[in-house]
């Protein structure tokens with residue numbers, strides 16, 4: 001069983017690697033965020049494959065989102081999502097008041113601009129997991145006050 | 001109520017590691033470059049991981065290389081990867097040994113494609129060990145001697161003690 005800390009160290013190193021030659025331009029940053037998100041997507045798909053082998057089919061979309069918030073988040077981040085809101089029209093906001101992967105970043109305001117780098121992989125993770133559960137989505141995230149963050153999931157109707 | 005099957009967290013690490021290696025193979029032209037990059041990244045992780053390890057394991061200063069080997073195998077590997085490699089093949093001088101991993105969690109479900117025969121998939125581990133030990137004043141050489149991904153029966157990591165690194169004391173200290 002690999003330790004959580006090991007994943008966090010790896011996650012940080014992956015971010016450093018992706019950004020190593022970053023010039024800081026908008027396009028470059030966007031490309032890097034996409035790379036991280038895509039990596040997360042593939043990992044999310046793989047995770048779900050092993051996760052839900054024994055579980056019964058989900059009742060509905062909300063059921064799936066609750067699974068993500070409770071079981072999935074607990075297994076990946078050792079805690080549940082603190083708050084789930086939805087407009088019942090395909091938009092869900094998942095709030096994590098103490099997001100594990102932001103814990104390495106200092107809480108100062110000057111680090112806020114780097115926060116998206118630390119959220120991209122997880123956005124992909126969620127999107128990939130949902131994808132393997134038959135749900136197409138767009139996942140974004142934002143930080144208002146460290147280390148709390150919100151993941152917004154927009155379900156795409158096929 | 002949904003019950004998860006026997007999920008353990010190593011999947012997240014293993015899958016992420018796999019995604020990283022895939023990305024590196026895309027970014028670099030040959031296996032040698034990927035191996036180097038994995039080692040470098042491992043080193044960066046190692047120099048930080050050691051602090052985490054020392055804080056959580058309450059292991060004291062090792063008296064000699066033999067003790068170091070035992071701590072690495074029985075405490076560190078257990079803590080971070082959930083496995084306990086065996087320590088064998090000591091050199092007569094006692095400065096080199098092997099870690100034998102019956103199974104390597106990093107390579108679950110991994111198969112090397114044909115065009116990557118010289119890829120040292122788990123090379124991150126070598127860097128981690130090297131970086132971590134450097135922070136406790138030991139310069140070591142770490143390499144894979146056997147790799148199940150390349151057809152060997154076991155995975156063998158060979159560690160060689162090079163020298164003690166002098167601690168940098170600020171000028172003026174006795």
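Picking from residues in segment A:74-98 that are modelled with pLDDT under 95 and buried (at least 16 other Cβ atoms within 10 Å of the Cβ), the one that is farthest from residue A:46 (Cα to Cα) is A:77. Has segment B:62-79 got any residue that is in contact with a helix residue (DSSP H, G or I) (Cβ under 8 Å, 6 or more places away or on another chain) and within 18 Å of residue B:17 (Cβ to Cβ)? Yes - at least one qualifying residue is present in segment B:62-79. State whether the residues of segment A:113-134 include one that is in a loop (DSSP other than H, G, I, E, B), more than 14 Å from every other protein chain (Cβ to nearest Cβ) and in contact with a helix residue (DSSP H, G or I) (Cβ under 9 Å, 6 or more places away or on another chain). The answer is yes, given that some residue of segment A:113-134 is in a loop (DSSP other than H, G, I, E, B), more than 14 Å from every other protein chain (Cβ to nearest Cβ) and in contact with a helix residue (DSSP H, G or I) (Cβ under 9 Å, 6 or more places away or on another chain).
The residues in segment B:136-161 that are in a loop (DSSP other than H, G, I, E, B) and under 24 Å from residue B:16 (Cβ atoms) can be counted, and the count is 1.
Matching residues to (1) at pLDDT 95 or above; (2) farther than 24 Å from residue B:141 by Cα; (3) within 13 Å of chain A (Cβ to nearest Cβ):
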| residue | (1), (2), (3) |
| --- | --- |
| B:9 | no, yes, yes |
| B:61 | no, no, no |
| B:88 | yes, no, no |
| B:104 | no, no, yes |
| B:108 | no, yes, yes |
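For segment B:77-86, a residue qualifies if it is away from chain A (no Cβ under 14 Å) and surrounded by 18 or more Cβ atoms within 10 Å (Cβ to Cβ), and exactly one does: B:85. Close Cβ contacts (under 9 Å, 6 or more residues apart or on different chains) running from residues in segment A:56-81 that are on the phi > 0 side of the Ramachandran plot and free of Cβ contacts under 8 Å to residues at least 12 places away in the same chain to residues that are assigned to a loop (DSSP other than H, G, I, E, B) and loosely packed, with under 15 Cβ neighbours inside 10 Å are absent.
Any chance segment B:31-38 includes a residue that's within 11 Å of chain A (Cβ to nearest Cβ) and either at positive phi or at pLDDT 95 or above (or both)? Yes, segment B:31-38 contains at least one residue that is within 11 Å of chain A (Cβ to nearest Cβ) and either at positive phi or at pLDDT 95 or above (or both).
Counting only helices (runs of 4 or more DSSP H) that sit wholly inside segment B:1-119, those with at least 1 residues that are over 18 Å from the mean Cα position of the chain (by Cα) and free of Cβ contacts under 8 Å to residues at least 60 places away in the same chain are B:10-27, B:31-57.
Among the residues of segment B:46-55, is any surrounded by 13 or more Cβ atoms within 10 Å (Cβ to Cβ), within 7 Å of chain A (Cβ to nearest Cβ) and at pLDDT below 90? The answer is no; no qualifying residue exists. Name the residue that is nearest to the other protein chains (Cβ to nearest Cβ), counting only residues in segment A:54-87 that are under 18 Å from the mean Cα position of the chain (by Cα) and in a loop (DSSP other than H, G, I, E, B). Across segment A:54-87, the extreme among qualifying residues is A:78. The single condition among (1) more than 18 Å from residue B:12 (Cβ to Cβ); (2) surrounded by fewer than 16 Cβ atoms within 10 Å (Cβ to Cβ); (3) without any contact (Cβ under 8 Å) to a residue 60 or more places away in the chain; (4) touching a helix residue (DSSP H, G or I) at 6+ places or on another chain (Cβ under 8 Å) that residue A:105 does not satisfy is (2).
The values are calculated or read from the model by the stated rules, or taken from the named source; none is laboratory data. Computed from a predicted structure; not experimentally measured. Because the Cβ atoms are built from the backbone with ideal geometry, glycine has one as well, and the counts that use them run over all protein chains shown.
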